[in-house]
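*Asks:* Can you read through this structure? Questions will come right after.
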Amino acid sequence: MRVIHYNANGVEFSGREFQYDAHHAHMIHELRSRGHEVLSLDPASVLGRFGSPGEYEEVTLKAVKAFQGEGGCDMFFATAVDHSFRADTARASSAMGSPTVNLNMDDLSHPYRVREVCSGFDLVVTTEPSNMHMIRNYGARKVVYAPFAANPIMFAPRPAT
């Protein structure tokens with residue numbers, strides 16, 4: 001599977017194996033460990049500075065087109081929030097043949113950061129079941145609950161000492 005992973009972190013985090021976001025350790029690492037190709041896309045690092053959602057959209061759609069041209073894209077996977085992403089970016093990626101998924105690493109305040117972007121994704125995944133109703137009300141087409149779990153490759157059980 002070929003996946004574009006969108007995460008607008010910023011230039012201070014580029015080049016680190018695991019940035020401050022837990023999904024890198026729990027999902028992206030596991031996908032790569034299982035042989036999937038994951039293109040990490042941080043538009044702030046591409047620009048060399050923080051930018052607007054419009055600038056990030058331009059960088060993102062250019063990367064999606066290029067990845068599609070190099071063998072296709074099976075999924076556009078994002079951890080997108082309103083201040084760095086537009087719902088239209090997800091719609092455009094989906095129209096190019098890349099199903100779009102947004103992961104909400106939820107706490108009870110997270111839905112307030114994704115009011116606009118939810119409606120653009122084919123699927124929104126939430127780790128907090130009590131947020132599902134709110135996310136649906138924002139126009140999300142499909143919402144699923146998936147409990148957050150640890151990457152078994154990275155966090156394998158060890159004998160107690």
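Values in this text are rule-based calculations from the coordinates and carry no lab data. Computed from a prediction, not measured in an experiment: that's the story for all the values here. Using ideal geometry, Cβ is built from the backbone for each residue, glycine included, and neighbour counts are taken over all protein chains shown.
*Asks:* Can you check what the net charge comes to around Pro99, using other residues whose Cβ is under 9 Å from the Cβ of Pro99 (Lys, Arg +1; Asp, Glu -1)?
*Replies:* Taking every other residue near Pro99 into account, the sum is -2.
*Asks:* For Leu103, which sequence-distant residues (separation of 5 or more, or a different chain) have an amide H within less than 5 Å of its own amide H, given hydrogens modelled in the peptide plane?
*Replies:* When sequence neighbours closer than 5 places are left aside, the close amide H contacts are Ala78, Thr79, Ala80, Val125.
*Asks:* Give the peptides 86-94, 117-125 in descending order of average Cβ contacts within 10 Å, highest first.
*Replies:* 117-125, 86-94
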